[in-house]
Amino acid sequence: MSDTRTREHVAGRSTRQADEREDDTQVTTHNTETRTDGERTESEHEEHAHEAETEAEEHVCPECGGTLITDEARGETVCADCGLVVDEGSIDRGPEWRAFDSAERDRKSRVGAPTTNLMHDKGLSTNIGWQNKDAYGNSLSSRQREQMQRLRTWNERFRTRDSKERNLKQALGEIDRMASALGLPENVRETASVIYRRALSEDLLPGRSIEGVATAALYAAARQAGTPRSLDEIERVSRVDKMELTRTYRYVVRELKLEVEPADPEQYVPRFASELGLSDEAERQARQLLRNAKQAAIHSGKSPVGLAAAAVYAAALLTNEKVTQSQVSEVADVSEVTIRNRYKELLEVDDPGMLA
């Protein structure tokens, strides 16, 4: 029994010694790892500092320390102070061809057109050209023309997958047609397309016509872009009447929470002056008359188109340019009575004793 206790005591002491040795080993390993991490951190700081010094050296001249500039025409990097050529034979990442107009650039380019909101599929689908010619410019035979016509028909059918896409395709075509008739720029058409897409995605179309919402989107986009058109001008190119247009416009603006500021009469002045052939001096005078009217607060509650037309007519009188009220009325699409009433108010604000 005594021998057994002695062996157990010896075994326990050996186990404790082994545990102590393991603890010492772990402490030593931890200290080694800590020192390694510290050394690694110092090494990384040294590498970053070296890279920063290298980048700084690359941006300065090795001779005089001046600023380096890149001459893309020659493919060289030279010093702006001493003229030393530091690098030559740079890679030109542009195209290898040259073009002198947009048609030549489109013909030589080997990439597709950018995506656009003016098309229902954003321009990502394939269109089959209307020219009945092959790749060499030779005319197709009658059998090949019939085959190409069938392909065009099926291509048009497959481009719209459901009723929403057909709706969008019709509306965007309507927006493009009206914008072309009104002479509106590309950015207005893009904005109108985005507004119509939002109205379609938020289910604002049930109970309203596609043409009405498309016209309202174009009217709102024109006002947001600072190139407004009057309701009468919009109505002339639209397929909806003025009452439906105004009702749909208010509904779309309210539901989509569009930020549309009140139309500024000054935004109509350049177009009216251009169509009447007036000088820059007359246009500046018209703008000044409208600014004076704003300061006197007589523009409140009055049509911005009528005020702009009256300001253009009054400016033509002040600059001794021959323009009749009927000509201004035809360009601005307002009555001559409105022009007479408004231009008298503008002149009274500009010079109270002028009409006395």
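Descriptive notes on the structure:
- Only residues that are of a type outside the set (A, V, I, L, M) and open to solvent by 30 Å² or more (accessible area, probe 1.4 Å) were counted in the range 227-245, giving 8.
- Flag for Leu140 being over 24 Å from Val260 (Cα atoms) and in contact with a helix residue (DSSP H, G or I) (Cβ under 8 Å, 6 or more places away or on another chain): yes
- Filtering Glu281, Glu348, Glu275 for residues that are open to solvent by 70 Å² or more (accessible area, probe 1.4 Å), modelled with pLDDT under 85, part of a helix (DSSP H, G or I) and out of contact with any Asp or Glu (no Cβ under 8 Å at 6 or more places or on another chain) leaves a single hit, Glu348.
- Residue ID - most open to solvent (accessible area, probe 1.4 Å), chosen from residues in the range 204-222 that are farther than 15 Å from Leu256 by Cα and in contact with a helix residue (DSSP H, G or I) (Cβ under 9 Å, 6 or more places away or on another chain): Arg208
- So Val305, is it closer than 30 Å to Arg208 by Cβ and aliphatic (A, V, I, L, M): yes
- Candidate set: the range 254-272, residues that are assigned to a helix (DSSP H, G or I) and open to solvent by less than 30 Å² (accessible area, probe 1.4 Å); chosen: the one nearest to Ala217 (Cα to Cα): Leu256
The values are calculated or read from the model by the stated rules, or taken from the named source; none is laboratory data. None of these values were measured; they are calculated from a predicted model. Because the Cβ atoms are built from the backbone with ideal geometry, glycine has one as well, and the counts that use them run over all protein chains shown. Heavy atoms of the whole protein, side chains included, go into the accessibility calculation; ligands, DNA and RNA do not. Shrake-Rupley method; radii C 1.70, N 1.55, O 1.52, S 1.80 Å.
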